[in-house]
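The values are calculated or read from the model by the stated rules, or taken from the named source; none is laboratory data. Just so it is clear, the structure is predicted and the values come from calculations on it, not from any experiment. Cβ atoms come from the backbone with ideal geometry, glycine included; neighbour counts cover every protein chain shown.
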């Protein structure tokens, strides 16, 4: 199994540009989430989804949009990139029930906004 | 809201034992998880405690005291490859995990 796949691995954007970070999982997990990781800040939740067609905001949602049209895919859109969005972005998936605490992470997307 | 506190850095000698503490404040607490992340890598799940007490998985053990809102990760027989960041995280129902800021463990010879 591939697990959680994120693309691209690296990206450089200019301020004001938009882009979509892709995330796909092949484990049939109901839950998916996006975190950003900045030095000394741990992992902060951006948006999450508990199933296809359902999304909700996390701790730091401003400047980002998500959609969940299928169980497998959970793309993250940056509407108008800002230098403050320079970060490492991780997508994660997990199953409901007894395994809800066990997140499977993708390898991350390292984004730089200049 | 939810908050977790853990030390930012810990240094320990190869072959020794190290304990990484985590205190938390949250509503609707279900359990405490621990994740490991090597530099440049993705976090990986280590352990989970829903009930008070010690859970052992090889060289790693995790402890939880729900009454004290406290847990710790215990790493025994430290190896150089254990140098990484370790994150505690709380589970509250079906909402995503909330992570602490992480503890950077350096294992020295």
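Here are a few things to note about the model shown:
- Checking residue A:68 against (1) under 12 Å from the mean Cα position of the chain (by Cα); (2) part of a loop (DSSP other than H, G, I, E, B); (3) within 25 Å of residue B:37 (Cα to Cα), the condition it does not meet: (3)
- Of the numbered criteria (1) in a strand (DSSP E or B); (2) under 25 Å from residue B:44 (Cβ atoms); (3) touching a residue at least 60 places away in the same chain (Cβ under 8 Å), the one residue A:24 fails is (3).
- Residues in segment B:38-84 that are assigned to a helix (DSSP H, G or I) and either touching a helix residue (DSSP H, G or I) at 6+ places or on another chain (Cβ under 7 Å) or loosely packed, with under 14 Cβ neighbours inside 10 Å (or both) were compared, and the one that is nearest to the other protein chains (Cβ to nearest Cβ) is B:81.
- When residues of segment A:32-70 are limited to those that are free of Cβ contacts under 8 Å to residues at least 12 places away in the same chain and out of contact with any strand residue (DSSP E or B) (no Cβ under 8 Å at 6 or more places or on another chain), the one surrounded by the most Cβ atoms within 10 Å (Cβ to Cβ): A:41
- Residues located in segment A:93-114, provided they are surrounded by fewer than 19 Cβ atoms within 10 Å (Cβ to Cβ) and more than 8 Å from chain B (Cβ to nearest Cβ): A:95, A:97, A:98, A:99, A:110, A:112, A:114
- Taking segment A:8-31 as the range and being surrounded by 13 or more Cβ atoms within 10 Å (Cβ to Cβ), within 14 Å of chain B (Cβ to nearest Cβ) and at pLDDT 95 or above as the test, the residues that pass are A:23, A:25.
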